[in-house]
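In what follows, a single structure is set out as structure tokens and then discussed.
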Amino acid sequence: MVVLALVIWLVVALTGGDDPDQNPEPAAAEVSTSATTTAADASADAASASTTRSGEASASSGSRGAGGSAAEDADDDSSTTTTSAAPVPPGQCSDQSLAVRVTSDEPNYRVGSEPDFTIVITNIGTSPCERDLGAGLQQVLVYSLDGNERLWANTDCFPESTADIRSLDPGDQAAYSVKWSATTSEPGCQAPREPVGPGAYTVVGQLGGLRSVPEPFNITP
């Protein structure tokens, strides 16, 4: 009996080794589940990556669009700047299109008389134009014969700023007469004015930066 009991116990012990709790199938299922979860995460990551790439592409496309708009805006700004730049007024007389000449009405004047001068401005260009010939811009100046001593200018004691816009066709002239008191003067008319004695002198006409050739004249006793 004892031997039979040992045999039965041995059989039971051998069959008990297949305990369902130690079955590896659940572990396999856990691994499978884990793998499924990982695959799902990978799919989600892939979807996220796809979304991110799509978003970046969209943003990049938007940036290029904005860049294109900025370039167009820059072009517009450049065009605006070019358009808004102040051009030279049409018809404006340039210095190169004008000539200034001055004459003395007489070659000789007696001491005590007042010489008369005429300044003539001529359009020597090929197109009509306008120029401000206001008295404050045109000057008549008297110098010693060698040109080293400035004796007088019509604007020293009577400066004027009134504009005088003149239209000049090619060849047109504008002439102005100026009388000199035959006394000295300085800009601002602060120094005492002294009579000019007998001698040889020159007169020069000026309009802005344009100057005439000196014209000689004499004051005689």
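For GLU186, the conditions (1) touching a strand residue (DSSP E or B) at 6+ places or on another chain (Cβ under 8 Å); (2) at pLDDT 95 or above all hold with the exception of (1).
Of all residues in region 127-143, exactly one satisfies the criterion of being of a type outside the set (A, V, I, L, M), surrounded by fewer than 19 Cβ atoms within 10 Å (Cβ to Cβ) and closer than 20 Å to ASP116 by Cβ, namely TYR143. Considering (1) on the phi < 0 side of the Ramachandran plot; (2) touching a Ser or Thr at 6+ places or on another chain (Cβ under 8 Å); (3) part of a loop (DSSP other than H, G, I, E, B); (4) loosely packed, with under 13 Cβ neighbours inside 10 Å, the lone condition that VAL213 does not fulfil carries the number (2).
Restricting the search to strands (runs of 3 or more DSSP E) fully inside region 93-145 and requiring at least 3 residues that are without any contact (Cβ under 8 Å) to a residue 40 or more places away in the chain gives 129-132. Residues in region 185-216 that are within 22 Å of PRO159 (Cβ to Cβ) and among the β-branched types (Val, Ile, Thr): VAL196, VAL203, VAL204.
You will find that of VAL120, VAL111, the residue that is surrounded by 12 or more Cβ atoms within 10 Å (Cβ to Cβ) and over 19 Å from GLY197 (Cβ atoms) is VAL120 and no other.
Within region 165-192, residues that are on the phi > 0 side of the Ramachandran plot reach partners that are of a type outside the set (D, E, K, R) and surrounded by 13 or more Cβ atoms within 10 Å (Cβ to Cβ) with beta carbons closer than 6 Å, at six or more positions or on different chains, in the pairs ALA182/VAL196; CYS189/CYS157.
The values are calculated or read from the model by the stated rules, or taken from the named source; none is laboratory data. Here the structure is a predicted model, which is why all the values come from computation and not from measurement. We place every Cβ from the backbone using ideal geometry, glycine too, and count neighbours over all the protein chains shown.
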